[in-house]
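Undergrad: To start, I am sharing the structure in question, which I have written as structure tokens.
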Amino acid sequence: MIKFSEDKLKEVQAMIDRYPEGKQKSALIPLLHLAQDEFGGWLSPETMDYVASLLHIEPIEVYEVATFYSMYNLKPVGKHVFEVCHTGPCMLRGSDDIISYIRQKLDINVGETTADGMFTLKTVECLGACGYAPMMQLGMHYKEHLTPEKVDAIINACRNN
Amino acid sequence: MTEAVKTLKVTIDNITIDVPAGTTVLQAARMIGGDVVPPAMCYYSKLQGSGGKCRTCLVEVSKGSEADPRPMPKLVASCRTGVMDGMEVKNMTSNRVGDARNGVVEFLLLNHPLDCPVCDQAGECHLQDLGYEHGKQGTRYEFKRRTFEKHDLGPYIQLHMTRCILCYRCVFTADQLTEKRVHGILSRGDHAEIATYIEKSLDNNFIGNVIDVCPVGALTDKTFRFKNRVWFTKPVLAHRNCSCCSGKVTLWQRGEEVLRVTARKDQWGEVEEWICNECRFEKKKTSDWIIEGAAPVNRHSVISQGHYEHTIKPAETFSAVMDGRNPQLLMDIHTVSEVNDPAIDLSQVNGPATSALYAKTDKKH
Amino acid sequence: MSKKLLLEKAHIEGIRHFDVYRREGGYAAVEKALKMEPGGIVEEVKKSGLRGRGGAGFPSGMKWSFLAKPEGVPRYLVCNADESEPGTFKDRYLMEFLPHLLIEGLIVSSFALGSNRTYIYIRGEYAWIVGILEQAIAEAKQQGFLGKNILGSGFDCEIYVQRGAGAYICGEETALIESLEGKRGNPRIKPPFPAIKGLWDCPTVVNNVETLAAVVPIMNMGGEEYAKIGIGRSTGTKLISACGNINKPGVYEIDMTISVEEFIYSDEYCGGIPNGKKLKACIPGGSSVPILPANLLLKTAKGETRYMNYESLADGGFATGSMMGSGGFIVLDEDQCIVKNTLTLARFYRHESCGQCSPCREGTGWMEKILHKIDAGKGEMSDIDLLWDIQRKIEGNTICPLGDAAAWPVAAAIRHFRDEFEWHINNPELCLTKNYGLAHYADEIHVPA
Ligand SMILES: Cc1cc2nc3c(=O)[nH]c(=O)nc-3n(C[C@H](O)[C@H](O)[C@H](O)COP(=O)(O)O)c2cc1C
Ligand code: SF4
Ligand code: SF4
Ligand code: FES
Ligand code: FES
């Protein structure tokens, strides 16, 4: 059985308190972010059922939401997830080349995870960094103006921590 | 004391009618009846919040109201548009509507497997009717059709996701009729599907009604005793004393056998009164029921082609006719038709299925 | 140098913090507003001519005056920080560098609309900005600008930041409200509009980040003064996020009197096209607005100079014009392929369709597949007409404008670049290694006298 720590449960309560009485379902999306961060980087059915119980809603209401939004991982992912944007503006600035470079460098295809479980490569749609293209999201942060050298440095930094 | 209900005047395809305030354009058209009624694939008058999604019921509002006569710039979903006093609506009389509806039908059929020959809903499928009445022949789609992972919804209900048109009716049904919804719409866009996420069976007492509200063959009755074609069955009205629902049903019989039990439907194909799972799934003997007589059959339905009311009932039960055999498959369409070769999975054919596909089995040459 | 009303102080050291922001004159708008009647603030916004900066350009003051005010029912203001339209990254800049400007605008607007609980719905990927905003909210609260009885006025207000989780459609205001209620981002069927029935069925106003930030200068200088900036119905200043093949991508605040040519080539803004290349095309207002070839971008079909404002960008309608949209300015140089560009956008809309209504759910995927086929050198001539017919049958027939947003880029690409599509189809091998190039897209257009 998974469970949030006491501290995290306080955070959950603070989330719920942002909404009027009885509207606790509104906390679902932030709560799923928290759960994903806490319980291994993805949302297992067990995690989703736990979230449902915290908000007193049916599990199906959680599944419906979790499968709608692209930031939730429904399967385990690597420790570092490279989410490279490939929409129009980034494409104009060479995102396709960056994606091929990463594929070759990590020896995986888009959507795959390296055998050591360190890296997952995904392509995503516009992240609101079009002026700083090509770019990718890595965890909480954006890596912008990517070049092959920058990608090397990012991979090394990930390997070293 | 009765409060005078305000009535509004609305004209649909040049026919004017007075309706109470709060009536939608679709409801008003249904009051008029006939050809002015737009087809509705997602709206269901008995399900709150339904409608607006499929876009088959689009109509043109050529005059907004007496107070504001400007036409509405876009076509509107008649099922979710309220009548205004003096409103003028065009349905059959609008070329724009015809064109848009044509498009909607094409979109709805785009990823549809067109596996009607093996679909339990064939003959009572609203998408089939829609295709016949508003579609064009042939498809311009040449790509592989969408497929889904199979999900098991338990012992009562069979899901064929490829046939689903995402009308959301079954979701509203589960929300509004049962205590606990376990299925829903997962994923988004063209991957959206009806599922339970982790295998769960749908067995809440009134959940069987999702079969009746489903406009297509996506949700069908697993207990339908024989894989029959509805047009070979005879619908009769029947009832029983049921402790949890009205017990008023339609029995689908072949001879004396009850092959299937459904709720009774009105002329718009909508359930009149919801029935419980026990009536639907467990009462499969004629002796469970008090028979009222032949069910009226919608003129549009292919079932009406059989004209059952005037035929003589077979004296023996079905198994007697079959020399005591109780075949699982009452009639395999492939034994009488060469058109649909079972070796060809229609859902896997890219683009339209044409006679060329069947050339090999065509014996005439 | 054009006038800056929003970003003027963006580069001041420490402006993210309350002290510095306050020292620089911040929160004066709140002090002023709280001494006014809420209705008076709405009037000022009406006078300012401010138009929604989220894309549709609807007059903000008018939108505010539609808000229903039934007795005993809470009203809500929601700030739309979902910013997901490709090419658009201006709200991010504003929130990252001037969080207090947004908070200040939100307090004034909440007071004007009577919202005691105001939410900022921010796209999930802008995770680090959540912290910046929450910090600013905490500081403002500590200084008595938020919370109970703000500055002794009797007005209570809390602001909360809600993070989305990856869905462009949640920028559509009713999908945003659904998402804020903890549901799938399915747009609602309108009417009822949010002004009558919005968040938790209460009257709600949804406004873009930039719109709400602009309320601060409007308060400070008065609606009439604000309306003097700009031209015609394009009053005030507009943030433009410029990207694609330009020397200086970034966020610029413009007053809407400069020409498109100046915006692209002057060093104050985009700084021209890199490597001496030529301008081929531009999507001037975020990915959903029609793409224009260079010749129609710089001049209207009447041969007049095109300016960076609502009216001028739309001059010629969809036949020869485009739209201001969200201000996402995407520039394509002579080496870019229109088919490929249209394909990535079609893929985007297919990916982001919520899937509720059949034309958008099915049509977006179909268009992407056909474009993919053409891009891969496998297209047929009839595909171009088919694409045209599909987009035509999506447009206007869907629940929300995402259907239109998906249809327009395809329509405009075919309208203006049909020969490039045909070239792809006629040169199935060549098109895999070479681009059609600039062709005649920058040629002077003959204007009939
Ligand atoms: C598909 C779609 C996406 C949208 N995305 C955004 C967005 O990211 N940010 C935004 O402010 N408005 C967006 N809008 C517009 C909003 O629906 C709404 O009009 C806007 O937030 C109103 O604010 P405004 O009047 O201040 O512009 C979007 C609309 C649609 C149809
Ligand atoms: S399964 Fe049937 S009722 Fe449910 S959404 Fe699909 S088509 Fe509609
Ligand atoms: S137009 Fe697209 S995004 Fe909008 S409601 Fe319909 S399916 Fe959803
Ligand atoms: S297109 Fe890549 S961030 Fe916008
Ligand atoms: S019946 Fe009206 S939109 Fe489906």
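Undergrad: I need a count of the residues in the range B:140-180 that are in a loop (DSSP other than H, G, I, E, B), away from ligand 3 (no atom under 16 Å from the Cβ) and open to solvent by 30 Å² or more (accessible area, probe 1.4 Å).
TA: 15
Undergrad: Then there is this: Taking C:G355 as the residue in question, decide whether it is within 25 Å of B:G189 (Cβ to Cβ) and within 11 Å of chain B (Cβ to nearest Cβ).
TA: Yes, satisfied.
Undergrad: Looking at the range B:119-135, can you tell me whether even one residue there is within 9 Å of chain C (Cβ to nearest Cβ), farther than 16 Å from B:D212 by Cβ and aromatic (F, W, Y)?
TA: No, the range B:119-135 contains no residue that is within 9 Å of chain C (Cβ to nearest Cβ), farther than 16 Å from B:D212 by Cβ and aromatic (F, W, Y).
Table: residues versus (1) under 25 Å from B:T139 (Cα atoms); (2) open to solvent by 10 Å² or more (accessible area, probe 1.4 Å).
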site	(1), (2)
C:G325	no, no
C:Q336	no, yes
C:H351	yes, yes
C:L387	yes, no
C:I390	yes, no
C:T398	yes, yes
C:A411	yes, no
C:D419	no, yes
C:H424	yes, no
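Undergrad: Please give the number of the condition C:G147 fails out of (1) under 22 Å from A:A133 (Cα atoms); (2) in contact with a Lys or Arg (Cβ under 7 Å, 6 or more places away or on another chain).
TA: That leaves (1) as the condition not met.
Undergrad: Of the residues B:N205, B:N111, B:N209, only one is away from ligand 5 (no atom under 16 Å from the Cβ) and touching a Cys at 6+ places or on another chain (Cβ under 8 Å); which?
TA: Only one candidate passes the filter, namely B:N205.
Per-residue answers, yes or no, for (1) crowded, with 24+ Cβ neighbours inside 10 Å; (2) among the small types (G, A, S):
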| position | (1), (2) |
| --- | --- |
| C:L212 | yes, no |
| C:I229 | no, no |
| C:G250 | no, yes |
| C:D267 | no, no |
| C:K278 | no, no |
| C:K299 | no, no |
| C:A319 | no, yes |
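Undergrad: A further question on this structure: So A:E61 ticks every box in (1) under 30 Å from C:Q336 (Cβ atoms); (2) within 14 Å of chain C (Cβ to nearest Cβ) but one. Which box is left unticked?
TA: (1)
Undergrad: Further question on the same structure: Just give me the residues in the range C:171-205 being within 11 Å of ligand 3 (Cβ to nearest atom), of a type in the set (S, T, N, Q) and within 18 Å of C:L77 (Cβ to Cβ), in sequence order.
TA: C:T174 - this is the single residue of the range C:171-205 that is within 11 Å of ligand 3 (Cβ to nearest atom), of a type in the set (S, T, N, Q) and within 18 Å of C:L77 (Cβ to Cβ).
Undergrad: While we're on this one: Can you tell which of A:A157, A:A115, A:A153, A:A129 is modelled with pLDDT of 95 or more, within 16 Å of ligand 1 (Cβ to nearest atom) and either more than 11 Å from chain C (Cβ to nearest Cβ) or open to solvent by less than 10 Å² (accessible area, probe 1.4 Å) (or both)?
TA: Selected residue: A:A129, the only one of A:A157, A:A115, A:A153, A:A129 that is modelled with pLDDT of 95 or more, within 16 Å of ligand 1 (Cβ to nearest atom) and either more than 11 Å from chain C (Cβ to nearest Cβ) or open to solvent by less than 10 Å² (accessible area, probe 1.4 Å) (or both).
Undergrad: Also, I was wondering about something else. Taking the condition in contact with a helix residue (DSSP H, G or I) (Cβ under 9 Å, 6 or more places away or on another chain) and away from ligand 4 (no atom under 16 Å from the Cβ), does C:S84 pass?
TA: Answer is no for this residue.
Undergrad: A follow-up question, please. So C:R361 clears everything in (1) within 16 Å of ligand 4 (Cβ to nearest atom); (2) basic (K, R); (3) over 20 Å from the mean Cα position of the chain (by Cα) except one condition, right? Which one?
TA: Just one mismatch for C:R361, condition (1).
Undergrad: Follow-up. Residues of the range C:335-352 being more than 9 Å from chain A (Cβ to nearest Cβ) and within 16 Å of ligand 1 (Cβ to nearest atom), which ones?
TA: Those that are more than 9 Å from chain A (Cβ to nearest Cβ) and within 16 Å of ligand 1 (Cβ to nearest atom): C:A346, C:Y349, C:R350.
Undergrad: Something else now. Pull up the range B:144-169, narrow it to residues that are within 18 Å of the chain's Cα centre (by Cα) and hydrophobic (A, V, I, L, M, F, W, C), then point me to the one that is farthest from ligand 5 (Cβ to nearest atom).
TA: B:I157
Undergrad: Still on this structure, I have one more. Test A:I60 against the stated conditions and say whether it is in the same structural domain as A:V12 (by TED's automatic domain parsing) and either under 17 Å from C:T344 (Cβ atoms) or modelled with pLDDT of 95 or more (or both).
TA: yes
Undergrad: Restrict the check to the range C:155-176 and report whether at least one residue is surrounded by fewer than 18 Cβ atoms within 10 Å (Cβ to Cβ) and in contact with a Cys (Cβ under 9 Å, 6 or more places away or on another chain).
TA: No, that holds for no residue.
Undergrad: Let me ask you something else. Could you tell me how many of the residues in the range B:154-193 are in contact (Cβ under 8 Å) with a residue 60 or more places away in the chain, touching a His at 6+ places or on another chain (Cβ under 8 Å) and more than 9 Å from ligand 2 (Cβ to nearest atom)?
TA: Final tally of qualifying residues: 1.
Undergrad: Quick check: is even one residue across the range C:362-379 within 16 Å of ligand 5 (Cβ to nearest atom) and either over 29 Å from C:S234 (Cα atoms) or touching a Phe, Trp or Tyr at 6+ places or on another chain (Cβ under 7 Å) (or both)?
TA: Yes, the range C:362-379 contains at least one residue that is within 16 Å of ligand 5 (Cβ to nearest atom) and either over 29 Å from C:S234 (Cα atoms) or touching a Phe, Trp or Tyr at 6+ places or on another chain (Cβ under 7 Å) (or both).
Undergrad: Here is a list: C:A413, C:A449, C:A407. Which entry is outside the structural domain of C:A301 (by TED's automatic domain parsing), more than 16 Å from ligand 1 (Cβ to nearest atom) and modelled with pLDDT of 95 or more?
TA: Among C:A413, C:A449, C:A407, only C:A413 is outside the structural domain of C:A301 (by TED's automatic domain parsing), more than 16 Å from ligand 1 (Cβ to nearest atom) and modelled with pLDDT of 95 or more.
Undergrad: Among the helices (runs of 4 or more DSSP H) contained in the range C:1-91, which hold 1 or more residues that are in contact with a His (Cβ under 9 Å, 6 or more places away or on another chain) and within 20 Å of C:M219 (Cβ to Cβ)?
TA: Fully inside the range C:1-91 and qualifying: C:18-23.
Undergrad: Hey, another quick one. Tell me, yes or no, whether the range C:188-200 has at least one residue that is crowded, with 24+ Cβ neighbours inside 10 Å, within 16 Å of ligand 5 (Cβ to nearest atom) and more than 18 Å from the chain's Cα centre (by Cα).
TA: There is no residue in the range C:188-200 that is crowded, with 24+ Cβ neighbours inside 10 Å, within 16 Å of ligand 5 (Cβ to nearest atom) and more than 18 Å from the chain's Cα centre (by Cα).
Residue-by-condition table, conditions (1) under 20 Å from the mean Cα position of the chain (by Cα); (2) among the polar types (S, T, N, Q):
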residue: C:R233; (1), (2): yes, no
residue: C:P249; (1), (2): yes, no
residue: C:E253; (1), (2): yes, no
residue: C:T257; (1), (2): yes, yes
residue: C:E268; (1), (2): no, no
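Undergrad: Then there is this: Taking the condition of being within 25 Å of C:C400 (Cα to Cα) and open to solvent by 60 Å² or more (accessible area, probe 1.4 Å), how many residues in the range B:1-44 meet it?
TA: 2
Undergrad: Turning to a different aspect of this structure: Picking from C:I107, C:I122, which residue would you name as being within 14 Å of another protein chain (Cβ to nearest Cβ), open to solvent by less than 10 Å² (accessible area, probe 1.4 Å) and more than 16 Å from ligand 5 (Cβ to nearest atom)?
TA: C:I122
Undergrad: A further question on this structure: Can you work out which of the residues in the range B:67-89 that are touching a residue at least 24 places away in the same chain (Cβ under 8 Å) and more than 16 Å from ligand 5 (Cβ to nearest atom) is surrounded by the fewest Cβ atoms within 10 Å (Cβ to Cβ)?
TA: Here the answer is B:D85.
Undergrad: Identify, from the list C:E31, C:E43, C:E37, the residue that is free of Cβ contacts under 8 Å to residues at least 24 places away in the same chain, away from every other protein chain (no Cβ under 14 Å), open to solvent by 50 Å² or more (accessible area, probe 1.4 Å) and over 16 Å from the mean Cα position of the chain (by Cα).
TA: The match here is C:E37.
Undergrad: Quick one: in the range B:187-206, which of the residues that are facing another protein chain (nearest Cβ under 9 Å) and open to solvent by 50 Å² or more (accessible area, probe 1.4 Å) is nearest to B:G247 (Cα to Cα)?
TA: B:K200
The values are calculated or read from the model by the stated rules, or taken from the named source; none is laboratory data. All figures in this text were calculated on a predicted structure; none of them were measured in a lab. For neighbour counting, all protein chains shown are included, and Cβ atoms are generated from backbone atoms with ideal geometry for every residue, glycine included. Heavy atoms of the whole protein, side chains included, go into the accessibility calculation; ligands, DNA and RNA do not. Shrake-Rupley method; radii C 1.70, N 1.55, O 1.52, S 1.80 Å.
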